[in-house]
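Here is the structure we will look at, set down as structure tokens.
The values are calculated or read from the model by the stated rules, or taken from the named source; none is laboratory data. Values in this document were obtained by computation on a predicted structure and should not be read as measured data. Neighbour counts run over all protein chains shown; Cβ positions are idealised from the backbone, glycine included.
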Amino acid sequence: MLAVEDLHVRYGAINALNGISLHVDEGEIVGLIGVNGAGKSTTLGSVAGIVRPWRGAIRFRDVSLLGQPPEAIVRRGIALVPEGRRIFPGLTVEENLRLGAAVRKDRAEIQRDMERWCAFFPILGERLRRPAGTLSGGQQQMLAIARALMARPALMMLDEPSLGLSPKLVDDVFALIGELRDLGTTILLVEQNVEKTLALVDRAYLLNAGRVEFAGPPRTLREHADIESAYLGRH
Ligand code: ATP
């Protein structure tokens, strides 16, 4: 479904990605793990068209995404839930959700999806007319995820969705990601929570210094000796 090949990204003098290759197949949950600065967010940003790689290829369903603007990439069926939630705090919950559907024109279906996701996330349904900034951190994360779902993505990319949430909400977010996969959404997940990620994903990539250090199913990743040191390296 998604194929990234030999991706290189520079920010000025910093080489953020030094030849990342990865793929995500239809129906999978794939994890990207690694220490801060390993290049996880930059990889998602490149796929979403927010970051411009200087070398490499990104193909989604056999169409090249390189050089396409972010809206065109959303229209092709890829949505990003960025790190730090980035909802619009001054807009209402409903306005935030409708923005997620800005690339769609099927009004009746948009309304159906509003109702669907408000039933799925009852707290959002109850607060549709409130400014999104009045929601708690966990509720804002749900809103960020629901907003991305309003685009009806075939591939959803989530950047550290559990960051800053209480342990109970972290469990809720991980359970939700599993449910979304069961509903047919393919998922590329960036996470710091290595244990919970490996418990959920079909495969994972361990990034280090802008390269893929190890890739495979959770069992082999756990066995990979360096994962512990890479993980502990964060602290
Ligand atoms: P984090 O968990 O901190 O988000 P990450 O694995 O997602 O880490 P990236 O955010 O992709 O890593 O960062 C990769 C490298 O690029 C790091 O060295 C980082 O400091 C640098 N970098 C990221 N964004 C920028 C930017 N906008 N300008 C300059 N350097 C950047």
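Can you name the strands (runs of 3 or more DSSP E) wholly within region 1-91 that have at least 1 residues being under 30 Å from residue 133 (Cα atoms) and of a type in the set (A, V, I, L, M)?
Working: elements: 2-11, 14-24, 29-33, 55-60, 78-81.
Those strands (runs of 3 or more DSSP E) span 29-33, 78-81.
Test residue 17 against the criterion of being crowded, with 17+ Cβ neighbours inside 10 Å, within 16 Å of the ligand (Cβ to nearest atom) and either of a type outside the set (D, E, K, R) or at pLDDT 95 or above (or both), and give yes or no. Walk me through it before giving the result.
On the way: crowded, with 17+ Cβ neighbours inside 10 Å: yes; within 16 Å of the ligand (Cβ to nearest atom): yes; either of a type outside the set (D, E, K, R) or at pLDDT 95 or above (or both): yes.
The answer is yes for residue 17.
Is it true that residue 35 is within 14 Å of the ligand (Cβ to nearest atom), buried (at least 18 other Cβ atoms within 10 Å of the Cβ), of a type in the set (Val, Ile, Thr) and farther than 22 Å from residue 193 by Cα?
On the way: within 14 Å of the ligand (Cβ to nearest atom): yes; buried (at least 18 other Cβ atoms within 10 Å of the Cβ): yes; of a type in the set (Val, Ile, Thr): yes; farther than 22 Å from residue 193 by Cα: no.
No: the conditions fail for residue 35.
Any idea which of 195, 213 is free of Cβ contacts under 8 Å to residues at least 60 places away in the same chain and either of a type outside the set (A, V, I, L, M, F, W, C) or in a loop (DSSP other than H, G, I, E, B) (or both)? Spell out how you get there, then give the answer.
Working: 213 fails: free of Cβ contacts under 8 Å to residues at least 60 places away in the same chain.
Going through 195, 213 in turn, the sole match is 195.
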Sole exception among (1) over 25 Å from residue 137 (Cα atoms); (2) touching a Pro at 6+ places or on another chain (Cβ under 7 Å) for residue 90, by number:
(1)
